[in-house]
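Data first, discussion second: the structure below is written as structure tokens.
The values are calculated or read from the model by the stated rules, or taken from the named source; none is laboratory data. Since this is a predicted model, take the numbers as computed values, not measurements. Glycine also receives a Cβ, built like all others from the backbone with ideal geometry; neighbour counts cover every protein chain displayed.
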Amino acid sequence: MTRQFLLDGQPVPFEDGQSILEAARQAGHYIPSLCWHKDFPAHGSCKLCIVKAAGRHVSACATPAREGWEVESNTPEMNGERRGLLQMLFVEGNHFCPSCEKSGNCELQALGYEYEMLSPRFRHFYPERPVDASHPDVLLDFNRCIFCELCVRASRDVDGKAVFALTGRGIDKHLVVNAESGRLADTDFSKDDLAAHICPVGVILHKGPGFAVPIGERDYDRESIRQKKLRDEEASS
Amino acid sequence: MSFELETAANRETLRRVAIDPVSRVEGHGKVTLLLDEAGHVKEARLHIVEFRGFEKFIQGRPYWEVPVMVQRLCGICPVSHHLAAAKALDPVVGALRITPTAEKIRRLMHYGQILQSHALHFFHLSSPDLLFGFESPVQQRNIVGVAATHPEVARQGVLLRKFGQEVIRITAGKRVHGTGAVPGGVNKSLTAAERDELLADADQMIAWSRNAVHLARRLHESERALYDEFGLFRSHLFSLVRADGAMDLYDGHLRLRDARGHIVRDAIPCADYEQHIVEEVKPWSYMKFPFMQDLGPEKGWYKVGPLARVQNCDFIPSPLAEIERQAFIAHGEGEPVHAPLAYHWARMIEMLHAAEVIRSLLDDPDLLSDQRMSEGTRGREGVGIIEAPRGTLIHHYRVGEDDLVSYCNLIVSTTHNNQAMNEAVRQVARRYLDGRQLTEGLLNHIEVAIRAFDPCLSCATHALGKMPLAVELLAADGSLADRAVTGS
Ligand code: SF4
Ligand code: FES
């Protein structure tokens with residue numbers, strides 16, 4: 001007998017050990033995410049996947065589904081929480097969408113649109129984060145890092161290189177490159193690494209293409225992040 | 001002569017009047033006047049605080065981001081910065097020649113910008129002064145007032161501007177802050193449908209632009225004494241021209257004429273601009289004063305923009321605008337026209353030219369081709385010069401081994417006109433304000449003179465006829481003698 005829980009009143013079947021988020025996506029329901037990736041264990045840092053399960057706020061990516069649970073996700077309350085989290089992410093880094101080459105392909109920006117984030121709400125931190133352009137093929141613009149650690153995990157667990165790491169705590173947290181010099185050029189990083197293709201925002205950028213694809217013809221210009229994620233899920237199953 | 005009234009003797013004893021527009025992102029401009037006890041003007045200065053920090057800000061950014069980023073420099077002519085930056089960075093990706101498709105699409109975008117900017121300036125910002133008079137009631141001095149008394153003029157003005165914006169949208173991808181031009185070419189061609197959409201209205205735009213030239217000319221000729229004399233000063237004329245001397249607003253080489261109309265420098269390659277133009281810093285203004293190095297600061301300053309361009313070229317390569325240019329030249333009776341108010345007439349001739357260029361480009365099949373990009377051996381430096389609506393615009397970059405911009409120098413149109421605008425302000429102050437009780441209408445004379453140059457700040461402060469100014473008259477001891485608020 002398949003087990004199921006209710007997501008916003010709709011039955012969602014799940015298998016043992018599946019998280020609320022995975023089960024929901026598989027069943028064609030969208031719960032937003034930023035730090036979650038289907039090929040990696042849940043990270044639980046961005047909290048965009050926040051839902052109310054059995055009356056408690058939990059991260060849907062890190063919480064196993066349970067038989068009979070009532071889960072609220074697409075509600076004004078949960079979406080309001082998400083908007084607040086997005087607003088915090090936007091002021092923590094230097095996100096200058098109008099001249100960012102990732103604009104239109106950026107998950108953070110797409111979520112801003114999806115959750116109708118119309119103002120920054122909080123005061124900008126304007127952290128100092130110089131770019132690392134030392135590598136011939138890839139540029140690192142740390143200004144936009146949201147600390148999801150996808151690159152850290154991809155480089156360590158898949159590429160076998162451990163090029164990236166997070167260091168510092170709280171407000172001083174930042175991404176570093178594992179090299180004596182701290183420069184990407186002094187690592188064995190390659191543009192073909194998984195880590196070079198996994199950043200959901202505009203930190204790890206391939207040099208050159210820039211604005212070759214016009215704004216207006218990019219991923220999230222064509223469809224919302226909700227539509228795209230559900231379509232990707234369908235394609236991969 | 002030219003620096004008379006720049007700095008008064010015994011400044012402390014004089015009464016100070018400031019015309020201080022509200023500060024906006026594009027820059028903050030103000031005029032200060034020093035008057036003696038009898039109300040005689042002893043000093044007149046236009047100060048503009050430009051947002052020069054941009055040059056620093058660009059350093060350390062990847063070069064491919066620059067054409068998009070620099071559009072934030074200026075809220076009113078982003079396309080000019082976009083194209084000048086892309087042109088400057090073409091050599092960095094080794095595109096010493098861009099493809100015909102890329103060049104024509106960029107040209108189309110640029111002439112669309114010229115059309116929309118000139119229409120905005122003439123109809124929205126200046127026609128109220130010109131149609132109603134400089135001392136007409138403030139309430140009437142705006143586009144709404146124009147629409148009430150000259151509905152057809154206002155309508156054509158609005159639609160001309162809209163057409164220019166459509167050209168920009170279709171070529172740049174967006175009406176504001178598009179991404180069309182990239183180092184090495186463009187990222188988007190036109191579809192047949194987009195071309196046809198523009199073609200449908202293109203001939204109408206030529207006809208309306210022609211009306212506008214005739215209106216500007218009629219205004220000028222109907223009050224010749226005023227238009228020819230108001231704020232008059234003589235100077236060199238500076239702009240790009242095409243290799244054969246034709247008007248070209250997108251590309252060419254640099255030419256300088258003297259005040260009597262003789263060509264004194266010609267065929268200066270854009271890349272050599274630095275050897276010719278130097279910028280002087282004056283302690284009282286944040287905006288630099290460029291001049292031709294070998295002529296020196298006293299003699300080597302010049303004016304840029306429509307009035308310079310229409311007279312600096314040998315001919316305009318489109319038939320209707322060329323007829324109008326000849327009429328304009330004839331007006332000077334053998335001498336160059338230097339009158340600031342003639343900028344309006346010249347500007348409308350350029351708008352007509354832009355409409356004609358757009359029309360003829362639209363017949364070109366290259367617009368639809370997908371040969372958009374070229375590349376070659378990477379370079380490390382580039383200069384891009386373009387004739388923006390307001391005049392010569394220079395972008396210069398150096399890019400390091402790591403693809404980050406290591407040097408950036410920008411000389412924007414309004415800066416080139418710095419000395420010229422100051423000169424016009426002084427002439428007007430001397431002629432109209434000297435010894436008189438200052439009124440809003442009189443102070444508007446100064447703004448009319450500044451506005452003729454269409455400096456960046458006029459748009460920000462004069463949108464829809466509102467130019468909120470606080471004018472304060474301070475007595476010699478610094479106490480507030482009088483205060484007037486205009487246009488709010
Ligand atoms: S660089 Fe990108 S992938 Fe890596 S932690 Fe920052 S946001 Fe995540
Ligand atoms: S997706 Fe669940 S915490 Fe980031």
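Quick look at the values:
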item: Within the stretch A:100-128, considering residues that are touching a residue at least 40 places away in the same chain (Cβ under 8 Å) and polar (S, T, N, Q), the one nearest to the other protein chains (Cβ to nearest Cβ); result: A:Ser103
item: A:Val176 away from ligand 2 (no atom under 16 Å from the Cβ), within 19 Å of A:Cys35 (Cα to Cα), of a type in the set (Val, Ile, Thr) and in contact (Cβ under 8 Å) with a residue 24 or more places away in the chain; result: no
item: Scope the stretch B:143-189; condition in a loop (DSSP other than H, G, I, E, B) and more than 14 Å from chain A (Cβ to nearest Cβ); matching residues; result: B:His150
item: Matching residues, the stretch B:59-84, being at the interface with another protein chain (Cβ under 10 Å from one of its Cβ atoms) and modelled with pLDDT of 80 or more; result: B:Gly60, B:Arg61, B:Pro62, B:Tyr63, B:Trp64, B:Glu65, B:Val66, B:Pro67, B:Val68, B:Met69, B:Val70, B:Gln71
item: Yes/no for B:Leu404 being touching a Lys or Arg at 6+ places or on another chain (Cβ under 8 Å), of a type in the set (A, V, I, L, M) and closer than 22 Å to B:Glu65 by Cβ; result: yes
item: Within the stretch A:54-99, tally of residues that are within 14 Å of another protein chain (Cβ to nearest Cβ) and within 16 Å of ligand 2 (Cβ to nearest atom); result: 0
item: Of all residues making up the stretch A:153-180, the number that are within 16 Å of A:Ser45 (Cβ to Cβ) and buried (at least 20 other Cβ atoms within 10 Å of the Cβ); result: 4
item: From B:Leu108, B:Leu89, B:Leu96, B:Leu120, residue being in a loop (DSSP other than H, G, I, E, B) and on the phi < 0 side of the Ramachandran plot; result: B:Leu96
item: Count of residues meeting criterion [within 14 Å of another protein chain (Cβ to nearest Cβ) and either touching a Lys or Arg at 6+ places or on another chain (Cβ under 7 Å) or not in a loop (DSSP other than H, G, I, E, B) (or both)] in the stretch B:190-225; result: 1
item: Qualifying residue in the stretch A:77-87 (condition: of a type in the set (A, V, I, L, M, F, W, C) and closer than 30 Å to A:Leu140 by Cα); result: yes
item: Filter pass, B:Ala181 being at pLDDT 95 or above and either within 30 Å of B:Asp90 (Cα to Cα) or surrounded by 19 or more Cβ atoms within 10 Å (Cβ to Cβ) (or both); result: no
item: Condition check for A:Ala179: within 13 Å of chain B (Cβ to nearest Cβ), assigned to a loop (DSSP other than H, G, I, E, B) and among the hydrophobic types (A, V, I, L, M, F, W, C); result: no
item: Candidates A:Arg218, A:Arg153 - the one that is in contact (Cβ under 8 Å) with a residue 60 or more places away in the chain, within 13 Å of chain B (Cβ to nearest Cβ) and of a type in the set (Lys, Arg); result: A:Arg218
item: Identity of the residue in the stretch A:141-170, within 16 Å of ligand 2 (Cβ to nearest atom) and more than 29 Å from B:Tyr63 (Cβ to Cβ), that ends up nearest to the chain's Cα centre (by Cα); result: A:Glu149
item: Answer residue from the stretch B:355-408, given it is hydroxyl-bearing (Ser, Thr, Tyr) and under 30 Å from B:Pro319 (Cβ atoms) and is surrounded by the fewest Cβ atoms within 10 Å (Cβ to Cβ) among those; result: B:Ser360
item: Residue that is within 16 Å of ligand 1 (Cβ to nearest atom) and assigned to a helix (DSSP H, G or I), where the choices are A:Leu34, A:Leu89; result: A:Leu89
item: Qualifying position, being under 18 Å from A:Pro136 (Cβ atoms) and within 14 Å of chain B (Cβ to nearest Cβ), among A:Ala185, A:Ala212; result: A:Ala185
item: Positions within the stretch A:44-53 being within 22 Å of A:Ala110 (Cα to Cα) and either among the hydrophobic types (A, V, I, L, M, F, W, C) or more than 6 Å from ligand 2 (Cβ to nearest atom) (or both), in sequence order; result: A:Cys46, A:Leu48, A:Cys49, A:Ile50, A:Val51
item: Residue within the stretch B:318-331 that is in contact (Cβ under 8 Å) with a residue 60 or more places away in the chain, outside any helix (DSSP H, G or I) and buried (at least 24 other Cβ atoms within 10 Å of the Cβ) present; result: no
item: Unique residue being modelled with pLDDT under 95, within 13 Å of chain B (Cβ to nearest Cβ) and away from ligand 2 (no atom under 16 Å from the Cβ) when the list is A:Val131, A:Val138; result: A:Val131
item: Residue among A:Leu230, A:Leu194, A:Leu205 that is within 13 Å of another protein chain (Cβ to nearest Cβ) and within 17 Å of the chain's Cα centre (by Cα); result: A:Leu205
item: Residue satisfying all of: in the stretch B:280-312; small (Gly, Ala, Ser) and part of a helix (DSSP H, G or I); farthest from B:Arg242 (Cα to Cα) among these; result: B:Gly296
item: Residue in the stretch A:26-38 that is surrounded by 13 or more Cβ atoms within 10 Å (Cβ to Cβ), closer than 22 Å to A:Asp157 by Cβ and over 14 Å from the mean Cα position of the chain (by Cα) present; result: no
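Yes/no per residue for (1) within 30 Å of B:Val92 (Cβ to Cβ); (2) among the polar types (S, T, N, Q); (3) assigned to a loop (DSSP other than H, G, I, E, B); (4) more than 7 Å from ligand 1 (Cβ to nearest atom):
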| site | (1), (2), (3), (4) |
| --- | --- |
| A:Leu139 | yes, no, no, yes |
| A:Phe147 | no, no, yes, no |
| A:Cys151 | yes, no, no, no |
| A:Ser155 | no, yes, no, yes |
| A:Ala162 | no, no, yes, yes |
| A:Asp188 | yes, no, yes, yes |
| A:Lys191 | yes, no, yes, yes |
| A:Cys199 | yes, no, yes, no |
| A:Gly202 | yes, no, yes, yes |
